[in-house]
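First the structure, in the form of structure tokens, and then the observations on it.
The values are calculated or read from the model by the stated rules, or taken from the named source; none is laboratory data. The model shown is predicted, which means the values in this text are computed figures rather than measured ones. FYI the Cβ positions are ideal-geometry reconstructions off the backbone, even for glycines, and counts take in every protein chain you see. In case anyone asks, the SASA skips ligands and DNA or RNA and just uses the protein heavy atoms, side chains included. Shrake-Rupley method; radii C 1.70, N 1.55, O 1.52, S 1.80 Å.
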Amino acid sequence: MSRTSSDRPYVICHMLPSIDGRIVFRDWRLNSATGEYEKTAQTFDAGAWIIGRISMEPYAGKARVPSRRTRERIPREDFIAKHEPSSYAIAIDPSGKLRWESNDIDGEHAVTVLTESVSDDYLAFLQSKGVSYLFAGKTRIDLRRVLRKLRSKLGIRRLLLEGGGTINGSFLAANLIDELSILIGPVADGSVGTATLFDVGNRRAPARNLKLLSIERRPGDIVWLRYKVRR
Ligand SMILES: NC(=O)c1ccc[n+]([C@@H]2O[C@H](COP(=O)([O-])OP(=O)(O)OC[C@H]3O[C@@H](n4cnc5c(N)ncnc54)[C@H](OP(=O)(O)O)[C@@H]3O)[C@@H](O)[C@H]2O)c1
């Protein structure tokens, strides 16, 4: 594994899909699956994980974003809040929808990636919560820029990309995934129109070829597949 390119983290997409590639747990009844997901994630010794805005919502919470009394503009400059040297829980949230209750998710420092189109009230809110933020474009997220900043500003050398399908699809389309770590849960889901491992949307989806690195049977009839993305 793990040649880390010098200006960005090595990216491992770590996911727990059904046998048919769907990722929204409905009534899957897989008791040990989340534990296995966390255990296998830890083997990568990554300093950070990144997820899409929708997947982050349950972790971020539902705090209220207050309106400021002042109209003073807040410069669109990256903000790194004071935090213990730790690992990082990162979201991509282009228009600032996440309503963070705190800057800590199970001991990991919360970081959010924004575009410059977010409101001043929202930036003031993030600062008040101590949530770090990075800008990655004026109105659209530039994923290469995100990765370069994660490396240069936070020192992240290895990053787990942990879903959902939209963020995974955007990394796949940008050819920024180095490795896949897929835990196939013993469930056939069959639902149409729910998130899958990679959802690229209307853009032309680029197929990427993979090289198998390992196959392992895990407790609970889970199969752990690891692949390198061929370049
Ligand atoms: N089984 C598993 O291993 C697993 C793991 C993770 C998540 N999940 C499930 O996946 C589901 C959510 O997946 P999802 O595909 O709907 O959502 P998602 O990928 O979690 O979040 C998508 C949103 O994140 C923002 N975003 C992500 N990448 C972006 C990019 N490159 N550029 C701009 N914005 C970007 C956008 O926010 P805006 O809409 O605000 O623009 C986008 O709509 C949930 O049900 C979750 O539980 C399953």
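Considering each of ASP142, ASP104, ASP189, ASP121 in turn, give the residue that is under 20 Å from HIS14 (Cβ atoms), among the acidic types (Asp, Glu) and out of contact with any helix residue (DSSP H, G or I) (no Cβ under 8 Å at 6 or more places or on another chain).
Answer to the selection: ASP189.
Tell me yes or no: at least one residue of the range 199-216 is modelled with pLDDT of 95 or more, surrounded by 21 or more Cβ atoms within 10 Å (Cβ to Cβ), within 13 Å of the ligand (Cβ to nearest atom) and of a type outside the set (S, T, N, Q).
No: the range 199-216 contains no residue that is modelled with pLDDT of 95 or more, surrounded by 21 or more Cβ atoms within 10 Å (Cβ to Cβ), within 13 Å of the ligand (Cβ to nearest atom) and of a type outside the set (S, T, N, Q).
Within the range 102-147, how many residues turn out to be under 19 Å from SER87 (Cβ atoms), open to solvent by 10 Å² or more (accessible area, probe 1.4 Å), out of contact with any Phe, Trp or Tyr (no Cβ under 7 Å at 6 or more places or on another chain) and not hydroxyl-bearing (Ser, Thr, Tyr)?
Qualifying residue count for the region: 5.
Here are ILE74, ILE80, ILE90: which of them is within 16 Å of the ligand (Cβ to nearest atom) and at pLDDT 95 or above?
That would be ILE90, the only listed residue that is within 16 Å of the ligand (Cβ to nearest atom) and at pLDDT 95 or above.
For the range 63-83, indicate whether the set of residues that are within 19 Å of the chain's Cα centre (by Cα), at negative phi and of a type in the set (Ser, Thr, Tyr) is non-empty.
no
Checking PHE44 against (1) under 16 Å from LEU161 (Cβ atoms); (2) open to solvent by 90 Å² or more (accessible area, probe 1.4 Å), which test does it fail?
Tallying (1) under 16 Å from LEU161 (Cβ atoms); (2) open to solvent by 90 Å² or more (accessible area, probe 1.4 Å), PHE44 fails exactly one: (2).
Give the residues of the range 1-41 that are more than 18 Å from LYS228 (Cα to Cα) and assigned to a helix (DSSP H, G or I), sorted by residue number.
Hits for the range 1-41 are ALA33, THR34, GLY35, GLU36, TYR37, GLU38, LYS39.
Do we find that GLY137 is within 8 Å of the ligand (Cβ to nearest atom) and in contact (Cβ under 8 Å) with a residue 12 or more places away in the chain in this structure?
So GLY137 fails the test.
Among the residues of the range 148-185, write down those that are more than 10 Å from the ligand (Cβ to nearest atom), hydroxyl-bearing (Ser, Thr, Tyr) and surrounded by fewer than 22 Cβ atoms within 10 Å (Cβ to Cβ).
SER152
Any idea which of GLU84, GLU57, GLU77, GLU72 is charged (D, E, K, R), surrounded by fewer than 18 Cβ atoms within 10 Å (Cβ to Cβ) and within 21 Å of ARG158 (Cα to Cα)?
Only one candidate qualifies: GLU84.
Among the residues of the range 3-29, how many are within 14 Å of the ligand (Cβ to nearest atom) and buried (at least 20 other Cβ atoms within 10 Å of the Cβ)?
Looking only at that region, the number is 10.
Of the conditions (1) within 11 Å of the ligand (Cβ to nearest atom); (2) farther than 23 Å from ARG230 by Cα, GLY61 satisfies every one except a single condition; which number is it?
If we test GLY61 against (1) within 11 Å of the ligand (Cβ to nearest atom); (2) farther than 23 Å from ARG230 by Cα, just (1) comes out false.
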